[in-house]
Amino acid sequence: MPEIDKVAWIRVQDGRVLSTRSRGKDVWYLPGGKREAGESDLDTLAREIAEELGVAVDRESAVHVGTFTAQAHGHAAGTVVRMTCYAADYQGELRPESEIEELAWLDHADRPRVSPVDQVIFDHLRAEGTLR
């Protein structure tokens, strides 16, 4: 079964999680992306967040939230995405960059608007009392 390896940033404020929408897409995703050859989780996280949101992730504050799997959105049936998620502080001002068109703070009611793996993560965050 094909697998896509991604790392994502979990940033929760006031019971909502930061999400992004890429140009031309109608589904929201947690910020992050695919690992490049030889990158560690935190290397991938820092690079992707700088590229997408223009901020620097504070690696010292990074905490593993969990690793989640689901059918990969927009890919053939049986293609799975494995999303390794970290919460971390950051420096800078959040702004959409690169392929990101829009940022939003979503809560559990927005679950139908996100990718399948993000739905699993939203459920996890809701169950632990982080997401309203």
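We did not get these values from a lab; they are worked out from the coordinates using the rules stated. None of these values were measured; they are calculated from a predicted model. Positions of Cβ are backbone-derived with ideal geometry, glycine not excepted, and every protein chain shown enters the neighbour counts.
With the highest mean first, a sort of the peptides 31-39, 80-88, 120-128 on other beta-carbon atoms found within 10 angstrom per residue produces 80-88, 120-128, 31-39.
Per residue, the average separation of C-alpha pairs within less than 8 Å and at least 6 apart gives the stretch 3-127 a relative contact order of 33 percent. Which one, Asp107, Asp41, Asp26, has the greatest fluctuation when you compute a Gaussian network model over the chain with C-alpha springs under 10 angstrom? Highest fluctuation of the listed residues: Asp26. Each Lys and Arg adds +1 at its Cβ and each Asp and Glu adds -1 at its Cβ; summed about the Cα centre, the chain shows a dipole of about 400 debye.
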